[in-house]
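Here is the structure we will look at, set down as structure tokens.
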Amino acid sequence: MTVLTRRKLLQGATAAGAAGIGLSAMGRFAGRAVAKPEPLVLKTASIEAQLMDGAPTRNVLTYGEAGMPPVVRMRKGELFAARLVNGIDDPTTIHWHGIRVPNKMDGVPFLVQPYVYQRDHFDYAFTPPDAGTFWYHPHCNTLEQMGHGLTGVIVVENPNDPKFDAEVVINLRDWRLGDDGQFIEQFRPRDAAKTGTYGTVRTANWLDQPQFDAPAGGLVRLRAAITDVTRIYAFRVEGAEAAVIALDGNPVPQRFVPDALQLGPGQRLELAIRMPDEEGAVVSLRDVRGTKPKILATLRSVGGSLERDLRDLGPLEANPVAELDVAGARRIPLALSATAENVPSDGICGSLGYSFWAINKVPWPGDTRDPTAPLAELKLGQSYVIDMENLTPHSHPIHLHGMSFKVLSSSTRQVQTLVSDTYLIQPNEKVQLGFVADNPGDWLLHCHIIEHQKTGMTSYLRVV
Ligand code: C2O
Ligand code: CU
């Protein structure tokens with residue numbers, strides 16, 4: 001497997017991101033699954049990083065000592081353990097986005113676990129039931145902590161997956177930096193009330209357009225996670241045949257060519273790309289949304305052609321998500337709307353000081369010690385359908401913790417019955433999301449445009 005970037009300086013960091021954790025994970029899985037695995041240490045740190053030309057950026061946050069947070073590898077059905085050690089001067093936690101963990105491991109402060117203060121630690125341990133691409137991030141003072149770098153990709157491997165010739169893992173995100181390369185204000189209230197505040201510097205694996213080598217004529221599994229706090233992407237691949245094989249960690253019922261495929265913060269894309277036969281040919285992954293299209297990353301063919309065929313690729317195994325009983329399902333109406341009130345800015349966990357958004361007319365200003373009542377109390381084992389309606393003129397990637405839902409139907413488009421944890425709802429769209437309430441606990445449901453989340457578009461479901 002060849003995964004190399006052309007930026008020599010950063011090669012070490014990137015190679016570590018792509019493979020380093022894989023090695024420690026191997027060690028963990030080498031023995032028989034009896035004792036608890038050695039925990040993977042994820043220590044938060046404030047570092048300097050080269051994110052654009054010129055001076056390095058100070059006060060970049062990461063897990064580890066240098067470079068972007070490692071790609072964490074787990075295996076479906078095998079126990080995983082990690083110790084969060086807090087090395088920064090701000091309380092934090094880790095949320096394992098999209099992984100159906102027990103409630104106590106979900107990383108939401110006050111709802112399910114205490115803050116992890118500076119020099120303190122917290123041990124996470126769980127067995128991921130699903131294979132696919134996921135990610136991890138704090139769930140406390142998130143605009144600041146995620147905005148400054150604390151977002152990493154998770155790959156949950158399934159040994160039964162079809163064989164690819166290479167794998168590329170891409171962490172997509174922006175940074176709000178000034179001309180001097182230093183952080184500027186993380187958000188502007190007038191933007192928070194609309195699409196959210198965009199970054200000024202766009203990166204893939206903390207680089208501008210990294211290039212990866214891949215075998216000519218080979219099949220590449222490209223995994224991309226949108227870990228940005230604001231940006232919605234529209235994906236296209238140029239220079240090669242490509243098919244979407246999974247979204248948000250779950251195989252798609254029918255593979256398709258990504259043609260300006262829109263995905264929002266929190267979502268993950270998995271592509272099968274058939275590399276060109278000619279050595280040196282370059283394939284690009286692009287974001288074609290808006291007026292400034294951008295090449296995110298490129299792949300370069302190396303060596304003699306392997307002459308693979310996309311059609312030879314067998315299906316990915318479906319994840320063991322319970323089948324809902326649509327006829328017997330209870331309904332949960334959920335309306336996303338705008339609101340406008342000032343809230344005290346001294347809330348804990350990083351209140352932004354505004355409410356612009358609401359779920360069922362209740363604005364929840366971020367994570368609070370005294371959360372409002374749950375949106376609904378669900379019965380363990382019962383099927384539910386969320387009737388979600390977007391009354392705002394903006395798109396919202398709505399994320400549910402702890403359980404995966406199935407997209408049943410939409411008022412504005414033909415949908416595949418995707419299994420997911422994040423749905424990007426468009427303006428004026430109504431969508432039906434069905435699931436079985438099979439994971440007990442309190443589960444957040446919020447917009448993953450972090451400024452929306454932190455200014456009201458948050459709630460939670462209680463499963464008992
Ligand atoms: Cu990706 Cu509540 O989070
Ligand atoms: Cu939103």
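For the range 394-412, what are the residues that are open to solvent by 20 Å² or more (accessible area, probe 1.4 Å) and either modelled with pLDDT under 95 or more than 16 Å from ligand 2 (Cβ to nearest atom) (or both)?
K406, L408, S409, S410, S411, T412
Of the conditions (1) touching a helix residue (DSSP H, G or I) at 6+ places or on another chain (Cβ under 8 Å); (2) within 16 Å of ligand 1 (Cβ to nearest atom); (3) at positive phi, G132 satisfies every one except a single condition; which number is it?
(1)
When both residues are 6+ apart or on different chains and their Cβ atoms are under 7 Å apart, which pairs have a first residue that lies in the range 380-404 and is more than 17 Å from T230 (Cα to Cα) and within 16 Å of ligand 1 (Cβ to nearest atom), and a second that is part of a loop (DSSP other than H, G, I, E, B) and open to solvent by 10 Å² or more (accessible area, probe 1.4 Å)?
Going by the 7 Å Cβ cut-off, the qualifying pairs are G402/R100; G402/N439; M403/R100; M403/D438; M403/N439; S404/R100; S404/V321.
So, in the range 438-464, exactly how many residues are away from ligand 2 (no atom under 15 Å from the Cβ) and under 22 Å from the mean Cα position of the chain (by Cα)?
6
Got at least one residue in the range 368-376 being open to solvent by less than 40 Å² (accessible area, probe 1.4 Å), among the β-branched types (V, I, T) and either at pLDDT 95 or above or within 16 Å of ligand 2 (Cβ to nearest atom) (or both)?
no
R202 - would you say it is at pLDDT 95 or above and either in contact with a Phe, Trp or Tyr (Cβ under 6 Å, 6 or more places away or on another chain) or crowded, with 24+ Cβ neighbours inside 10 Å (or both)?
Taking the combined requirement at face value, the residue does not satisfy it.
Would it be correct to say that V415 is assigned to a loop (DSSP other than H, G, I, E, B), in contact with a Ser or Thr (Cβ under 9 Å, 6 or more places away or on another chain) and either open to solvent by less than 40 Å² (accessible area, probe 1.4 Å) or away from ligand 2 (no atom under 16 Å from the Cβ) (or both)?
For V415, the condition - assigned to a loop (DSSP other than H, G, I, E, B), in contact with a Ser or Thr (Cβ under 9 Å, 6 or more places away or on another chain) and either open to solvent by less than 40 Å² (accessible area, probe 1.4 Å) or away from ligand 2 (no atom under 16 Å from the Cβ) (or both) - is met.
Output the number of residues of the range 424-458 satisfying the condition of being of a type in the set (S, T, N, Q) and open to solvent by less than 10 Å² (accessible area, probe 1.4 Å). Before you say what the answer is, go through the steps one by one.
Taking the range 424-458 and keeping what is of a type in the set (S, T, N, Q), we get 426, 428, 432, 439, 453, 455, 458.
Applying the additional criterion that residues be open to solvent by less than 10 Å² (accessible area, probe 1.4 Å) yields 453, 455, 458.
So the count comes out to 3.
Residue under question is G304, and the condition is that it be in a loop (DSSP other than H, G, I, E, B) and within 26 Å of P129 (Cα to Cα); does it hold?
Against the criterion (in a loop (DSSP other than H, G, I, E, B) and within 26 Å of P129 (Cα to Cα)), G304 does not qualify.
Applying the selection to the range 258-301, what residues are open to solvent by 20 Å² or more (accessible area, probe 1.4 Å) and not in a loop (DSSP other than H, G, I, E, B)?
D259, A260, L261, Q262, R274, V282, R286, K294, I295, R300
Restricting to the range 418-437, what's the tally of residues that are over 19 Å from T227 (Cβ atoms), polar (S, T, N, Q) and either within 14 Å of ligand 2 (Cβ to nearest atom) or not in a loop (DSSP other than H, G, I, E, B) (or both)? It would help to see each step written out before you state the result.
In the first step, residues of the range 418-437 are kept if they are over 19 Å from T227 (Cβ atoms); the result is 418-419, 425-437.
After this cut, where a residue has to be polar (S, T, N, Q) as well, the list is 426, 428, 432.
Next, from what is left, pick out any that are either within 14 Å of ligand 2 (Cβ to nearest atom) or not in a loop (DSSP other than H, G, I, E, B) (or both): 426, 432.
Result for the range 418-437: 2.
Would you list the strands (runs of 3 or more DSSP E) that sit entirely within the range 158-226 and hold 3 or more residues that are over 30 Å from G77 (Cα atoms) and out of contact with any Ser or Thr (no Cβ under 8 Å at 6 or more places or on another chain)?
On the way: elements: 166-175, 201-204, 211-215, 219-226.
Passing ranges, in order: 201-204.
The values are calculated or read from the model by the stated rules, or taken from the named source; none is laboratory data. Since the model is a prediction, treat every value here as computed from it, not as a measurement. When we count neighbours, we look across all protein chains shown, and the Cβ atoms used for this are built from the backbone with ideal geometry, even at glycine. Surface areas here come from the heavy atoms of the whole protein model, side chains and all, with no ligands, DNA or RNA. Shrake-Rupley method; radii C 1.70, N 1.55, O 1.52, S 1.80 Å.
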